[in-house]
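The values are calculated or read from the model by the stated rules, or taken from the named source; none is laboratory data. In this text, all values refer to a predicted model and were calculated from it rather than measured experimentally. Cβ placement follows ideal geometry from the backbone for every residue including glycine, while neighbour counts extend to all protein chains displayed. These accessible areas exclude ligands, DNA and RNA; they are computed on the full protein's heavy atoms, side chains included. Shrake-Rupley method; radii C 1.70, N 1.55, O 1.52, S 1.80 Å.
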Amino acid sequence: MGSIFCIVGKSSSGKDTIYKRLLENLSLHLKRIVPYTTRPIRAGEQEGVEYHFTTTERLSRLQEENSIIECRAYDTVYGVWYYFMAKDSQIDLDENDYLVIGTLESYTKIRDYFGENRVVPVYIDLDDGERLSRALEREKKQSQPKYEEMCRRYIADGKDFSPDNLERAGITVKFDNQDLDSCLDKVEAYIAAHQKAADPADLAVSRERKDLRNA
């Protein structure tokens, strides 16, 4: 049976880079679950890659259809932005392991929806000073930098990822991203260990089905 590995961490901790590098490691057999957001697309982002960029009207329709797994609203200086995961054809835990990026709140909601034995947190940590420096450099590259929103997110992260909140979420393992390659090696080993600990019979059936489809 498959698992969902949920990458969580404060803004500008390097989650996106680690997420992309993990997907490039074909030995891990990880599939993507692309979340949805109503925020504007940023420079360098692509529809269906980082997010499905959508509207509040579509979110309302999905809520009416009971098709929302988790949803978060952020009251930014540019209005309310929503981030959410929807029940769609992307997810088949009978066949695959998945990788997602989320917040502490989204992780707990995904875990509660699919079950604690199916959802594994991967917490990426980084010194706050280094995070702020990286966030500023990233924002400078935007066609219309949103420095107020960057500062709001930075301050909010301190509360969202407080030691008490991490403890309540059951997150005890952290991966320091001061050095990307070292952090990535540790995360890959962590995920591989969880996959190896999965039921061998289920894993064999899943791999056999994949081989048959690819034949």
Q. Just to be sure, is Gln63 part of a helix (DSSP H, G or I) and out of contact with any Lys or Arg (no Cβ under 6 Å at 6 or more places or on another chain)?
A. yes
All conditions in (1) among the hydroxyl-bearing types (Ser, Thr, Tyr); (2) closer than 25 Å to Asp157 by Cα; (3) out of contact with any Lys or Arg (no Cβ under 7 Å at 6 or more places or on another chain) are true of Ser89 except (2)
Among residues of the stretch 1-60 being among the hydrophobic types (A, V, I, L, M, F, W, C) and in a helix (DSSP H, G or I), the residue surrounded by the fewest Cβ atoms within 10 Å (Cβ to Cβ) is Leu26
Of the residues in the stretch 195-215, those that are closer than 21 Å to Tyr123 by Cα and either at pLDDT 95 or above or of a type in the set (Ser, Thr, Tyr) (or both) number 0
Residue hits (the stretch 1-49; more than 30 Å from Tyr78 (Cα to Cα), among the basic types (Lys, Arg) and touching a Phe, Trp or Tyr at 6+ places or on another chain (Cβ under 8 Å)) are Lys31
Query raised in the report: Is it true that some residue in the stretch 21-40 is in contact with a Pro (Cβ under 7 Å, 6 or more places away or on another chain), closer than 30 Å to Gln178 by Cα and of a type in the set (Phe, Trp, Tyr)?
Result: no
In the stretch 61-91, residues that are within 27 Å of Met1 (Cβ to Cβ), open to solvent by 60 Å² or more (accessible area, probe 1.4 Å) and under 17 Å from the mean Cα position of the chain (by Cα) total 1
Original post:
Does at least one position in the stretch 149-166 carry a residue that is in contact (Cβ under 8 Å) with a residue 60 or more places away in the chain, in contact with a strand residue (DSSP E or B) (Cβ under 7 Å, 6 or more places away or on another chain) and either over 17 Å from Tyr107 (Cβ atoms) or aliphatic (A, V, I, L, M) (or both)?
Top reply: yes
Of all helices (runs of 4 or more DSSP H) fully inside the stretch 109-199, the set with 2 or more residues that are under 30 Å from Asn96 (Cα atoms) is 163-168, 180-196
All-but-one check, Ser106 against (1) touching a strand residue (DSSP E or B) at 6+ places or on another chain (Cβ under 9 Å); (2) hydroxyl-bearing (Ser, Thr, Tyr); (3) free of Cβ contacts under 8 Å to residues at least 24 places away in the same chain, failing number (3)
Conditions (1) touching a helix residue (DSSP H, G or I) at 6+ places or on another chain (Cβ under 9 Å); (2) without any contact (Cβ under 8 Å) to a residue 24 or more places away in the chain; (3) not β-branched (Val, Ile, Thr) -> Ala73 fails only (1)
